[in-house]
Amino acid sequence: QVQLVESGGGLVQPGGSLRLSCTASGSILRIYAMAWYRQAPGKQRELVALITSSGSTNYADSVKGRFTISRDNAKNTVYLQMNSLKPEDTAVYYCNGDIQPTARVVRLDYWGQGTQVTVSP
């Protein structure tokens, strides 16, 4: 069974920084792309940043130049460094992984439980 566990959320003032981490554990044969999504109250979940297994990245326009996604394949961990945070970045942030658990199981999308990020004076 594959689990994704996020950490690093919290309350920060505008202009501040936070670093989110997400570690995948359990039966894992291979991790393909990993990503961070967020969902603000009353809004749909949206892609924030994605990183492929080879390290290519993609960002939402709203976070380009402020957020950086990275991964440590040896630790099955993905990070999201968030700088110059704005109140509109307030949301629950979810980790997502495209993971193949075993050779006999097809690759599936797995989600973490979410971590709250609040940007407020």
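Placing +1 on the Cβ of every Lys and Arg and -1 on the Cβ of every Asp and Glu, with no other charges, gives the chain a dipole of roughly 160 debye about its Cα centre. Using just the C-alpha positions of region 14-58 as equal point scatterers, what log10 of I(q)/I(0) does the Debye formula give at each q in 0.26, 0.28 1/Å? The Cα Debye sum returns log10 ratios of -1.10, -1.12. The lysines within cross-link reach of LYS64, meaning a Cα-to-Cα straight distance under 21 Å and a gap of 8 or more places when in the same chain, are LYS43, LYS86.
When the chain is modelled as a GNM with alpha-carbon springs shorter than 10 Å, which of SER53, SER21, SER62 fluctuates the most? With Cα springs under 10 Å in the chain, the top fluctuation among SER53, SER21, SER62 is at SER62.
For the chain, the pair-distance distribution built from all alpha carbon pairs, in bins 10 Å wide starting at 0, is 14, 47, 29, 9, 1, 0 percent.
The numbers here are math on the coordinates, done by the rules we state, and not lab data. Keep in mind that this is a model prediction, so the values were computed, not measured. Ideal geometry is used to build each Cβ from the backbone, glycine not excepted, and the neighbour counts take in all protein chains shown.
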